[in-house]
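S.K.: For reference, the structure I am asking about is given below.
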Amino acid sequence: MTGNVKDSSIDFDAVIIGAGFSGLYMLHILREAGFTSRVFEAGENVGGVWYWNRYPGLRCDSESIYFNYTFSEKLYKGWTWSSRYPEQPEILSYLNYVADTLDLRKDITFNTWVESAHYDEENNKWVIKTKEGECVTARLFITGVGCLSAANIPTIKGIESYDGEIYHTSRWPHKQIDFKGKRVGVIGTGSSGIQVIPIIAQESKHLTVFQRTPQYTLPANNHLLDPEYLQNIMDNFENFRNEVRHKTNGGFITKPLNRSALEDTPEQRERIYENYWNKGGPHFLSGSYNDLSTNPEANETAAEFVKNKILEIVKDHKIAEKLIPTFPIGAKRIVIDTGYYETYNRVNVSLIDTKKEQIIEITPKGVSTTEREYEIDVLVLATGYDAMTGPLLKIDIRGKSDISLKEKWDGGANLKTYLGLANSGFPNMFTITGPQSPSVLGTVPIFIEQHVEWIAECINFLRENEIVEIEATKEAEEVWSKHAHEVASKFFYAEHDSWYTGANIEGKPKGILVYRGGFQLYRKKCDEVVNNGYEGFQLTYRKNLSNNNSLIH
Ligand code: NAP
């Protein structure tokens, strides 16, 4: 490993947490503009979520041609994706390619966990302390901690007594796990479970899947990318970039049909759904009828189509019935898979519906349910994440008057942010893909670029105008949070339990964690804030301060 900075400077213009997609670009753009920056990263190399999350079968559910930076044509053209949906090792290689090409490692401290960031009101600086004993100060504090990075470890009775191997999908060991000849149990059937299950089924002696809620999953129809198709993108890069950034939901090019599912006959609908099912990926929902996420009757037609597919693919009717979801399609994040339903036709796979046959405890030998004990050699927890707010609340972040972010948000019950980017009481702090921004509702790197570029422009504005402090006002936060709730309330996901609303975490208050107004509307709102002189922010000019505090360098 190269990098791992520990130089003598302890005061920076900006401190950034995380060396994933967010932190790498933030570091690069600030460095290019002449700001001094330091990134702290818990992992021993770059990658963020894609460094930690490396279970077999992991692929992104965004298409690879959009799942990268677009800010530099040269950087874009220097990389070639192999397949339609990128697999984790390839994404990690891509981020290493970026770090190498832009020479980013020299400003990153690896293997370092930021424990606290406290705002020093007297000096208008953030004081950042790490678990490893470092203490630095910075005018600006920027989080790039990811939306899905804090693992949800289930508190099942007896889990600590288990004698076998146990792994959480999001903290997979950096070595190959040998499932050959072993009895494996998987708890959880979200995106992670649905991706890892077919692979483990092929390798293990027996696989027992503990499913609490069946999910809708659509075939990925992954395939190698045609070099001609890629060349065409490279040849028309400017158009491509403009389209992705300014005309789509961050890479979700497929626009829905201009009509309700209820306007078509059942036969027409069947043809449309079959077509999108075969195309693969999430386009089935986002690219077909325009009211599937809002109109229950329309939604039912799509849900019915998928239910029939399950009954068709899974040979054993009783197993198929267990796999059929009972909530509207899209109310939880849609999953895409390769051979998931087919896996249940294998003789070495069993499916336990834990709503009927509940898990009582984990024993030293395996999993004990209301029916029996399942002896398990390797237990895989595919139980997801404390999403969006979780990674931020793991750090002791304190703003003005020593109030913590946890207190301000009342643990999430009173979640209010400004644009998902800033918080009142927390001056000079920015949260890349923070709660109440579009974050995960599109192609994340494209959303990250928009946030990073907005923050960089703001920081330039502070420097040019001798502003030492920028802070979201309470009023602006109120208006934004109300708007975020209003736009979300039209969609099913707002009222159903999932990580989108925090309902997957025991004791976590339920609320709207993502902005559902669409990326283009969001971008427009962020741009308006800038065009109106950072409307909704309170700006403190150096000339108005008695202590003449120094500026950003
Ligand atoms: P998830 O969608 O939250 O799924 C977690 C699963 O674990 C659910 O089936 C959940 O059941 C179950 N579970 C949680 N706690 C449990 C407990 N105590 N006992 C029994 N079952 C329990 O998490 P995920 O699969 O890791 O996916 C999270 C998100 O990460 C995805 O939606 C996606 O955005 C992203 N992701 C993407 C990819 C990809 O790009 N292809 C891959 C992996 C992850 P309930 O539904 O009943 O709560």
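S.K.: Report the accessible area of Y97, computed with a 1.4 Å probe over the heavy atoms of all protein chains in place, in Å² rounded to the nearest 10.
M.R.: For Y97, the solvent-accessible surface is approximately 40 Å².
S.K.: Hey, what angle do you get for helix 296-313 against the long axis of the chain, alpha-carbon based, 0 to 90 degrees rounded to 10?
M.R.: Relative to the chain, helix 296-313 is tipped by roughly 50 degrees.
S.K.: Right, here's the next one. For the stretch 277-329, rounded, prolate or oblate, judged on the Cα gyration tensor with a ≥ b ≥ c (square roots of eigenvalues), a/c < 1.5 rounded, else prolate if a/b > b/c?
M.R.: oblate
S.K.: Say each of K510 and D396 gets a label point 7 Å from the Cα, pointing the same way as Cα to Cβ; how far apart are those two points in nm?
M.R.: 3.4
S.K.: Could you compute the FRET efficiency for F71 and L311, with r as their C-beta to C-beta distance and R0 at 41 Å, rounded to 0.05?
M.R.: Result of the calculation: an efficiency of 0.30.
S.K.: Can you show me the helix-derived [θ] at 222 nm for the chain, built from DSSP H runs with n ≥ 4 at -39,500 (n - 2.57) apiece and divided by the number of residues, rounded to the nearest 500.
M.R.: Taken over the chain, the calculation gives -9000 deg cm²/dmol.
S.K.: Could you state the angle between the C-alpha long axis of helix 474-488 and the longest principal axis of the C-alpha atoms of the chain, as a value from 0 to 90 degrees rounded to the nearest 10?
M.R.: 20
S.K.: Ignoring ligands, DNA and RNA, how do I17, I403 rank by accessible area with a 1.4 Å probe, largest first? Please list the in-between numbers first.
M.R.: Details: I17 15, I403 80 Å².
Descending order: I403, I17.
S.K.: What do you get for Rg/Rh over the chain if you use C-alpha atoms and the Kirkwood form of Rh?
M.R.: Details: Rg = 23.9 Å, Rh = 24.7 Å.
Radius of gyration over Kirkwood radius for the chain works out to 0.97.
S.K.: When the accessible area of the chain is computed with all protein chains present and a 1.4 Å probe, what percentage of it is carbon and sulfur? Let's see the in-between values first.
M.R.: On the way: 10940 of 22770 Å².
The value for the chain is 48 percent carbon and sulfur by accessible area.
S.K.: Follow-up question, since we're still on this one. Scan around S498 for amide H atoms under 5 Å from its own, H built in the peptide plane at 1.01 Å from N, and keep only partners 5 or more places away or cross-chain.
M.R.: Here A503, N504 satisfy the definition.
S.K.: Separate question: Tell me the Kirkwood hydrodynamic radius of the stretch 418-553 in angstroms, computed as one over the mean inverse distance between distinct C-alpha pairs.
M.R.: Every distinct Cα pair counted, the radius reaches 16.0 Å.
S.K.: Same structure again: Could you check the spin-label model distance between K106 and T80? Points 7 Å from the Cα along Cα→Cβ, value in nm.
M.R.: Between K106 and T80, the simple spin-label model gives 3.1 nm.
S.K.: How many Å² of accessible area per residue for the chain, probe 1.4 Å?
M.R.: Ligands and nucleic acids excluded, the result is 41 Å² per residue.
S.K.: Give me the number: length gained by fully extending I159 to I233, i.e. 0.36 nm times residue separation minus the C-alpha to C-alpha distance, one decimal in nm.
M.R.: On the way: separation 74, 0.36 × 74 = 26.64 nm, distance 4.96 nm.
Extending this stretch completely gives an extra 21.7 nm.
S.K.: Over 22 Å between Cα atoms, which of K247/K525; K408/K474; K332/K365; K129/K406; K182/K318 qualify?
M.R.: Flagged as over cut-off: K332/K365; K182/K318.
S.K.: Determine the gain in length on full extension of the stretch R171-D497; use 0.36 nm per residue of separation and subtract their C-alpha separation, reporting nm with one decimal.
M.R.: Details: separation 326, 0.36 × 326 = 117.36 nm, distance 2.40 nm.
Length gained between R171 and D497: 115.0 nm.
S.K.: Give me the number: length gained by fully extending N348 to K543, i.e. 0.36 nm times residue separation minus the C-alpha to C-alpha distance, one decimal in nm. List each step's numbers first, then the result.
M.R.: Working: separation 195, 0.36 × 195 = 70.20 nm, distance 7.28 nm.
Gain in length upon complete extension: 62.9 nm.
S.K.: Quick check: pseudo-label points 7 Å beyond the Cα along Cα→Cβ at T326 and T294, how many nm apart are they?
M.R.: 2.9
The values are calculated or read from the model by the stated rules, or taken from the named source; none is laboratory data. The structure presented is a predicted model; accordingly, all values stated were derived computationally and were not measured. Every residue, glycine as well, gets a Cβ built from its backbone with ideal geometry; the counts of neighbours run over all protein chains shown. Note: accessible area is taken over every heavy atom of the protein model, side chains too, but ligands, DNA and RNA are not part of it. Shrake-Rupley method; radii C 1.70, N 1.55, O 1.52, S 1.80 Å.
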